[in-house]
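These notes concern the structure reproduced below.
Each reported figure results from applying straightforward, stated rules to the coordinates on display, with no laboratory input. These numbers come from a predicted model, not from an experiment. A quick note on method: Cβ atoms are made from the backbone with ideal geometry, for glycine too, and the neighbour counts reach across all protein chains shown.
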Amino acid sequence: MTEMKEKRPTVLVYCASSSQIDASYFEAAERLGMLFSENEIVCVNGAGKEGLMGALNDTMIRNGGIVKGVIPQFMVDAGWCHDHLNETIITPTIHERKQCMAQMSDAVIALPGGVGTLEELVEIITWKQLGLYTNPVVILNINDFYRPLLDLFDKMRVTGFLKETHHPLWEVASSPKEAIALLTYFFERKASEDNFQEKEL
């Protein structure tokens with residue numbers, strides 16, 4: 001049983017801390033938290049207690065999921081930190097926070113959010129383009145929220161500003177269920193490849 005827990009995939013979730021948003025976005029965050037818990041996926045996020053992040057964290061805690069938060073000290077001092085996560089890591093700066101979360105993760109999901117979420121999403125895509133992050137990035141396009149951004153990415157490709165070589169830099173899902181299906185496929189394929197490599201050795 002301990003060995004199984006150690007092999008649980010860890011997914012980093014970027015999402016809004018704002019509470020002044022439509023209920024459908026909260027429903028999506030809560031559904032994602034339920035699916036993480038049911039599928040024994042560990043969640044890593046920014047340790048917030050408000051908005052979609054708070055809804056995601058609360059749902060996972062209620063349903064016995066494992067959720068880890070990474071937050072810079074100044075946000076703790078401001079009272080933004082969730083008090084009941086399984087693990088909370090406090091960093092000196094927000095830059096170290098982002099690096100720490102990425103290093104902990106086997107994949108990324110971006111729920112809708114504001115400029116902070118957008119900055120994190122674009123940064124991890126940039127890291128992936130540079131080969132600094134090799135795991136899947138899933139854009140969870142609830143209510144077609146990310147359509148303008150996806151259109152901009154398409155324009156970047158068409159006009160030669162963005163080149164995707166070998167593998168796509170991101171996947172798009174329209175629901176939490178679809179996002180989990182995409183990641184499950186990746187995790188199963190990776191496990192199969194790892195087992196094959198072990199046998200070859």
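Can you give the helix-only mean residue ellipticity at 222 nm for the chain, where every DSSP H stretch with n ≥ 4 adds -39500 (n - 2.57) and the sum goes over all residues, rounded to the nearest 500 deg cm²/dmol?
-16000 deg cm²/dmol
Under 8 Å for C-alpha pairs, at least 6 residues apart: give me the relative contact order for the chain, rounded to a whole percent.
Numbers: 313 pairs, mean separation 41.2, N = 201.
Relative contact order here is 21 percent.
Give me log10 I(q)/I(0) at q = 0.14, 0.17, 0.22, 0.23 Å⁻¹ for segment 68-156, Debye formula, one equal scatterer per alpha-carbon, no solvent.
Reported log10 I(q)/I(0), two decimals: -0.58, -0.83, -1.21, -1.26.
Hey, fewest Cβ within 10 Å first, where do 8, 189 land in order?
Listing 8, 189 from fewest to most nearby Cβ atoms yields 189, 8.
Looking at the chain as a GNM with Cα springs under 10 Å, which of 100, 81, 43 has the largest mean-square fluctuation?
Judging by the Gaussian network model, the answer is 100.
Let's see if you can work this out: charge +1 on each Lys and Arg Cβ, -1 on each Asp and Glu Cβ, no other charges. What is the dipole magnitude of segment 24-93 about its Cα centre, in debye to the nearest 20?
Working: 4 positive and 9 negative charges, 13 e Å.
Computed about the Cα centre, the dipole is about 60 debye.
Suppose we keep just the DSSP beta bridges with both residues in the chain; what percent of those would be antiparallel, to 5?
Close to 5 percent.
What is the magnitude of the charge dipole of the chain about its Cα centre, with +1 placed on the Cβ of each Lys and Arg, -1 on the Cβ of each Asp and Glu, and no other charges, expressed in debye to the nearest 20?
200 debye
Which of 162, 35, 56 moves the most in a Gaussian network model of the chain with Cα springs under 10 Å?
162
For each of 172, 108, count neighbouring Cβ atoms within 10 Å of the residue's Cβ, then give the residues from fewest to most. Please list the in-between numbers first.
Values: 172 16, 108 26.
The order, fewest Cβ neighbours first, is 172, 108.
For segment 53-147, what is the charge dipole size about the Cα centre, in debye to the nearest 20, if Lys and Arg each add +1 at the Cβ and Asp and Glu each add -1 at the Cβ?
180 debye
For the chain, what does the alpha-carbon gyration tensor say about shape, rounded, prolate or oblate, given a ≥ b ≥ c as the root eigenvalues, a/c under 1.5 as rounded, and a/b over b/c as prolate?
rounded
Give me the extension gain from residue 74 to residue 87: residue separation times 0.36 nm, minus the current Cα-Cα distance, reported in nm with one decimal.
Length gained between residue 74 and residue 87: 2.9 nm.
Estimate the FRET efficiency between residue 149 and residue 7 by the formula 1/(1 + (r/R0)^6), using the beta-carbon distance for r and 41 Å for R0, to the nearest 0.05. Numbers along the way, then the final one.
On the way: r = 33 Å, r/R0 = 0.81.
So, using R0 = 41 Å, E works out to roughly 0.75.
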